Each structure stands twice: as C-alpha cells, then as structure tokens.
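See structure below.
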C-alpha cells in the first residue's frame, strides 16, 4: 500500500509540475528574470502548493500517526548553519542557469531530450559528490 | 498571461495535494532532491517507497504528455551549461538538504525557518544568475 500511494503522490506531483509550467525552463527563467520580461506564474504555483500543504500540516498536527503507519516527520530543525546557505546559493545558481530544479528535471525525463537526460546525470553526480564536500566544509568550520 | 497564472495555480494545487498525500498517508516530507538523493548516496531508508515515488513522477506525466501530443522543456542546447547547472543543482540541494519542493512547498507551509532562509537564498541566487548570465554576459 505504501508503494501504491508513493507512486500516486509522485504521479500527482509530476502532473502538477507539468500543468503549472515548472517543466518549461522559459517560464522558470522568466520568473527569475526580474529585470527582463518578468513572468509571475511561479508565484501562483508556489501559492497554490503552499496553501494546500499548510492545511495538510494542520491536519497532521491533530492526528496521532500517518494513515499507513509509522510516524510524522520531526518538527523542523531550528539551526540554520553554513551548509544551508552555501547549498541554497549553489542550487539557485544552477536553477537560474538553465531553469530546471530536481522535481521538474525528473518529471520531464521522457520528453526532455538528450539535454534533459544530461542534466539529470550531472545532477545525480553532484548529489554523489555532496557528502564528501559537506564533510570537508564541516572540518574547515571546526 | 492570466490563463498561465490560472494553470500555475491549479498545477500548484496538485503539487500541494501530492505533498499532502505523501505526508498524511506515508508520513514523509515530499522533497524531490531528498527522495532521489537519499536513494543514490544510500543515506536514506524507505528504498522501495522512494523508487515507487520516482516511478510515478517520471511515468505518469510522461504518459499524459505522450498521450496529449507532447511538450517542450525549452532547455538550452549548450551542453557545457547543462552539465554545470546539473552539478550545481545536485551538490547544492544535498548540501542544503532540500530544493524547491522540500524547502519551498513543504518548508514554507509549516513556517520552518530553514525553509524560509533556503528559499530566500536560492531565489536571490537564481535571480542574480539570470541577470548576470542573460543581461551582462549574454550566455543564455
């Protein structure tokens, strides 16, 4: 059952990314291009998603456990840290360069062509490289 | 344009609904980079559940797009840029422990300070990158 609903959640996520325009890199770059021909669509995407999810967190707060068992995620970690900032800046740079973030990169895999596949392979390589880099950053920070 | 905004809002609502299902049924935070990253570096549990999620994420929109006549990502054909961007997105989201879905959708909606800080920095970095690469260097 967990796998059936994980598949359904992934599918719904992918449909939402496609319908909303998140898999169209022109719209994403248009949203980030505040000094060009600015496209506000992504504000509506984020607003719609956050609005629905805010209700879900309220429901989770009054329920004991997820419907399929296990436990709800821990409350958010309050500590910020350098990795959060450095990582988010690197991510934002990559996102701005071509207009893809991890969800849309995977959702558009079947129609993204060789460039889409290349992006995904580079992204996975970056993900494999991240833990050793994190260890070095933490060692430097002492 | 307002039609794009409406589609954005509806699509966003579906993204929120997917995240809500994953939280209320499976008890998991729906973050794309965390789900795939925890699988490939072996750091996360719930392995078959991650694979099932990713299969849905690739196959369901893929089937719909194929059925409705195709879509275009308008991704640049500059391979060097694609590789550089992919590496940055991969390293960055794993260092920060989240991307647009984890820190953005799931973090902002539970008033997580980390979610707000991450979202502020990746939006700022993304905006500055587009301004630099498009208007100053004319790379994209």
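Since every read-out is calculated from the coordinates, none of them should be taken as a lab result. Every value quoted in this text rests on a predicted model; they were computed, and no experiment measured them. Note that we place each Cβ from the backbone using ideal geometry, even for glycine, and neighbour counts take in every protein chain shown.
Collect the residues in region A:59-86 that are in contact (Cβ under 8 Å) with a residue 24 or more places away in the chain and closer than 24 Å to residue B:113 by Cα, keeping them in residue-number order.
A:82, A:83, A:86
Does residue A:123 count as over 17 Å from residue B:23 (Cβ atoms), without any contact (Cβ under 8 Å) to a residue 40 or more places away in the chain, surrounded by 21 or more Cβ atoms within 10 Å (Cβ to Cβ) and within 14 Å of the chain's Cα centre (by Cα)? So that I can check it myself, show each step before the final result.
On the way: over 17 Å from residue B:23 (Cβ atoms): yes; without any contact (Cβ under 8 Å) to a residue 40 or more places away in the chain: yes; surrounded by 21 or more Cβ atoms within 10 Å (Cβ to Cβ): yes; within 14 Å of the chain's Cα centre (by Cα): yes.
Considered against the rule, which asks whether it is over 17 Å from residue B:23 (Cβ atoms), without any contact (Cβ under 8 Å) to a residue 40 or more places away in the chain, surrounded by 21 or more Cβ atoms within 10 Å (Cβ to Cβ) and within 14 Å of the chain's Cα centre (by Cα), residue A:123 comes out as yes.
Scan region A:1-33 residue by residue and report those that are facing another protein chain (nearest Cβ under 7 Å), part of a helix (DSSP H, G or I) and more than 20 Å from residue B:30 (Cβ to Cβ).
Hits for region A:1-33 are A:25, A:26, A:29, A:32.
When you look at residue B:87, is it over 21 Å from residue A:35 (Cβ atoms) and within 19 Å of the chain's Cα centre (by Cα), yes or no? Quick ask: steps written out before the conclusion?
Working: over 21 Å from residue A:35 (Cβ atoms): yes; within 19 Å of the chain's Cα centre (by Cα): yes.
Yes; evaluated as a whole, the condition is true for this residue.
Going through region B:89-140 one residue at a time, which ones are more than 7 Å from chain A (Cβ to nearest Cβ) and without any contact (Cβ under 8 Å) to a residue 12 or more places away in the chain?
Once the filter is applied, which keeps residues that are more than 7 Å from chain A (Cβ to nearest Cβ) and without any contact (Cβ under 8 Å) to a residue 12 or more places away in the chain, region B:89-140 yields B:111, B:116, B:120, B:128, B:132, B:136, B:137, B:138.
Is at least one residue of region A:85-102 touching a helix residue (DSSP H, G or I) at 6+ places or on another chain (Cβ under 8 Å) and surrounded by fewer than 21 Cβ atoms within 10 Å (Cβ to Cβ)?
Yes, region A:85-102 contains at least one residue that is touching a helix residue (DSSP H, G or I) at 6+ places or on another chain (Cβ under 8 Å) and surrounded by fewer than 21 Cβ atoms within 10 Å (Cβ to Cβ).
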